[in-house]
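Working notes, beginning with the structure itself.
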Amino acid sequence: MVDIAHQAAINPASARDVATARARVPLAAVDTGQWRALAQRAIEPNGYYLPAWEQAVSATARGRTDASALAAFDGSSTRLIGLMPVISLWCAWKIPLPALVSAHPYGTLCSPLLDRDAPLEAATRLLQQAHEAGAHALVLNDVALDGAAMASLNQILTRDGLKPRILSSYIRASLDATQDGETLLRDALGAKRLKELRRQRHRLEEHGPVVFEVARSPHEIGPALEAFLQLEASGWKGKRGTALVQHAGDATFIRRAVPALAETAQCEIVTLRAGMTPVAAGIVLRHQDRAFFFKLGIDERFAKYSPGVQLTLDLTRHLCADPAIASADSTASADHPMINPIWRGRFAIGDVLIPLRRHDPVVVLIHGALAAHGAAYAAARRAVRLLRK
């Protein structure tokens, strides 16, 4: 098997490498108009694969640059019906085996865009593109396991006698925004918890009138973004060196993506102020009828008033009152202590290994390598947590 993997993945002069160059195109080379049109027709929303967002990520974001695309066109070769941003397994995790991995768009959702008018054709052609690129497998990270995109891919895989493998999964919080906001919050938190949050809000008002603001227009969103970046950097993310503004590439990405999405009403920044002081702010993407809660920043000087929770309560009311929004993805980690008690909807997110050939021994190697990498990564995270205690 090692010989098979060596021949399939490492030989730089192989004809397969030439095919790879033809089958994958640089993300920047995808026609933006076609991409936008496909996003409008996508069978499953994904705000993080909107062109203005993912192109900005791939251009400068730290550790996420130079993505390629598997682009599927219809039979006439004129209409884009599927798009999957990808990188090689080597670029993702330094594993020298022939697989492609969904390009991570900063937000934790990588469900590909499939045309709702031709989802099965789009799924088929994307898998064909990956095969022609020389890949033996696709690794889809952070996909909605029960979403429409994965359902279409599963249907094609079943037809072709291929079985995907779930590498890992977790349950993530979401919001049913079709409900009445006040009723939803009362059912989720209970009268006692809401009373305590109202008390904290009244205490916060001692620092000035508490106002919830929504910045939507490009004119409004620039100053709101800078306020958010300062809040994020002032907290624990800044102490750990992971705030967006602390890295030139990340700062360039977010300052490019947010105003561009505001131009098409697909991004807003929500801010909670006490007087003139912003105490919490968040970035929210919009795609079709779904919102995506990207990041939250708070002023930790006001931590005893629960500013992040206060902002999320107002955001919940805001989204539930918006007839254009049916649901919201928290894009949070499993068992998130802040969002999970408030947004009580749940859906499964996972990493999936998709074989592209039947009975392929190289896929066994890829699966083993991914399992070993996952175990090593988990051990490293445990060690870091111990060091921080």
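The values are calculated or read from the model by the stated rules, or taken from the named source; none is laboratory data. As the structure is a prediction and not an experimental result, all values here were calculated from the model. Neighbour counts run over all protein chains shown; Cβ positions are idealised from the backbone, glycine included. For accessibility, only protein heavy atoms count, side chains too; no ligands or nucleic acids. Shrake-Rupley method; radii C 1.70, N 1.55, O 1.52, S 1.80 Å.
So here's what we get for this one:
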{"quantity": "Number of positions in the range 295-334 that are over 14 Å from SER174 (Cβ atoms) and under 20 Å from the mean Cα position of the chain (by Cα)", "calculated": "3"}
{"quantity": "Among residues of the range 281-298, those that are open to solvent by 10 Å² or more (accessible area, probe 1.4 Å) and at negative phi, counted", "calculated": "8"}
{"quantity": "Of all residues making up the range 1-25, the number that are open to solvent by 50 Å² or more (accessible area, probe 1.4 Å) and either modelled with pLDDT of 95 or more or touching a Pro at 6+ places or on another chain (Cβ under 7 Å) (or both)", "calculated": "3"}
{"quantity": "Hits in the range 302-339 - residues which are without any contact (Cβ under 8 Å) to a residue 12 or more places away in the chain and either assigned to a strand (DSSP E or B) or under 21 Å from PRO209 (Cβ atoms) (or both)", "calculated": "ALA303"}
{"quantity": "Qualifying residue in the range 118-140 (condition: more than 17 Å from TYR48 (Cβ to Cβ), among the charged types (D, E, K, R) and touching a helix residue (DSSP H, G or I) at 6+ places or on another chain (Cβ under 7 Å))", "calculated": "yes"}
{"quantity": "The listed residue being of a type in the set (D, E, K, R), surrounded by fewer than 24 Cβ atoms within 10 Å (Cβ to Cβ) and under 22 Å from PRO259 (Cα atoms), out of ASP66, ASP74", "calculated": "ASP66"}
{"quantity": "Failed condition for ALA251, given (1) in contact with a helix residue (DSSP H, G or I) (Cβ under 6 Å, 6 or more places away or on another chain); (2) open to solvent by less than 50 Å² (accessible area, probe 1.4 Å); (3) assigned to a helix (DSSP H, G or I); (4) touching a residue at least 60 places away in the same chain (Cβ under 8 Å)", "calculated": "(4)"}
{"quantity": "Per-region count, the range 270-295, residues over 20 Å from ASP176 (Cα atoms) and in a strand (DSSP E or B)", "calculated": "9"}
{"quantity": "Test: LEU120 is within 23 Å of GLN34 (Cα to Cα), of a type in the set (A, V, I, L, M) and more than 21 Å from the chain's Cα centre (by Cα)", "calculated": "yes"}
{"quantity": "Matching residues, the range 254-280, being small (Gly, Ala, Ser) and surrounded by 16 or more Cβ atoms within 10 Å (Cβ to Cβ)", "calculated": "ALA257, ALA260, ALA262, ALA274, ALA280"}
{"quantity": "Single match in ALA265, ALA260 (criterion: under 30 Å from ARG116 (Cα atoms) and either out of contact with any Cys (no Cβ under 9 Å at 6 or more places or on another chain) or not in a helix (DSSP H, G or I) (or both))", "calculated": "ALA265"}
{"quantity": "Single condition GLY368 does not satisfy, out of (1) surrounded by 15 or more Cβ atoms within 10 Å (Cβ to Cβ); (2) outside any strand (DSSP E or B)", "calculated": "(1)"}
{"quantity": "Pair list, Cβ under 6 Å, 6 or more apart: the range 344-373 residue acidic (Asp, Glu), other residue assigned to a loop (DSSP other than H, G, I, E, B)", "calculated": "ASP360/HIS136"}
{"quantity": "Residue count, the range 22-59 (criterion: part of a helix (DSSP H, G or I) and either without any contact (Cβ under 8 Å) to a residue 40 or more places away in the chain or under 29 Å from ALA248 (Cβ atoms) (or both))", "calculated": "20"}
{"quantity": "Residues of the range 321-359 that turn out to be open to solvent by 20 Å² or more (accessible area, probe 1.4 Å) and within 16 Å of ALA99 (Cα to Cα), as a count", "calculated": "5"}
